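Single-structure report; data block below.
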Ligand code: GUN
């Protein structure tokens, strides 16, 4: 039997419609819109695309956005000044420091500076620390893993007690994903580039989160029959017959996995649309919290 396709695009559209309704209620009630401030430094081409997509998504639901665009030669002091300015700006409720920052910038110092209440990316060390601790809750959780959790819920997957394998340990996806799954009572294994015999771990996995950044890396035959597979990969591969000359593929060999998995996301149209949606949701939440505080 073929796996059920988890349609991230459809789920994201439904949540964005709901966010748009709540944003318009917020504006009616308070007379101003939720605002997102973005700091982007350097000339990382995918970052420019992501930031453009995030701004367009904000606009569509009625969230205002501003971008501090800085060159690759920006200094630590300049990046920190941009963050401080957004911290102090009452029209900005959420702050996003687009990663990666240029090599010369101390990322941890920059992220630590973001006001906790505005940390809609959930990357402030205190928010990440709370995510990793029992009985503590971060104010915000990172967008991509949060989107994966929503997709698991949408697919009706029982997370508590499940064996989950996260492939990849990045600060943006793999590590916070593992922490979120632990909080949801899964038994979690994190596999990575030094893992020996990845298939032996995947064979036991009821839930697979593929975030290795390697095109079509995870083979269908490695999966446990009936597993739920969330593919976070967005890898460019050459496609000379397309207009752009490339196409995006996931970390999982989708066609092969379709015959083994119980449910699976597509690339594109799976996790991607959810990531931006979770950012919008966090920005709305930040504005609602801030309005409540000042009441
Ligand atoms: N770079 C790639 N993904 C992300 C993300 O979710 N947030 C930020 N700030 N930077 C990223």
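The values are calculated or read from the model by the stated rules, or taken from the named source; none is laboratory data. Worth saying up front: this structure is predicted, and the values here are computed from it rather than measured. Positions of Cβ are backbone-derived with ideal geometry, glycine not excepted, and every protein chain shown enters the neighbour counts.
Of the helices (runs of 4 or more DSSP H) that lie entirely inside the range 84-163, those containing 1 or more residues that are closer than 12 Å to residue 39 by Cβ and within 13 Å of the ligand (Cβ to nearest atom) span 107-113. Residues in the range 1-17 that are loosely packed, with under 14 Cβ neighbours inside 10 Å and assigned to a helix (DSSP H, G or I): 10, 13, 14, 17.
Of all the residues in the range 200-247, those that are exposed (fewer than 14 other Cβ atoms within 10 Å of the Cβ) and either in contact (Cβ under 8 Å) with a residue 60 or more places away in the chain or not in a loop (DSSP other than H, G, I, E, B) (or both) number 6. For the range 30-46, the tally of residues that are touching a strand residue (DSSP E or B) at 6+ places or on another chain (Cβ under 7 Å) and either within 11 Å of the ligand (Cβ to nearest atom) or farther than 16 Å from residue 62 by Cα (or both) stands at 4.
Close Cβ contacts (under 7 Å, 6 or more residues apart or on different chains) running from residues in the range 173-193 that are farther than 15 Å from residue 121 by Cα to residues that are modelled with pLDDT under 95 and part of a strand (DSSP E or B) are absent. Filtered by the rule that a residue be surrounded by 19 or more Cβ atoms within 10 Å (Cβ to Cβ) and part of a helix (DSSP H, G or I), the range 164-182 gives 174, 175, 176, 177, 178, 179, 180, 181.
Taking the criterion of being within 12 Å of the ligand (Cβ to nearest atom) and either surrounded by 16 or more Cβ atoms within 10 Å (Cβ to Cβ) or touching a residue at least 24 places away in the same chain (Cβ under 8 Å) (or both), the residues of the range 47-66 that qualify are 47, 50, 51, 53, 54.
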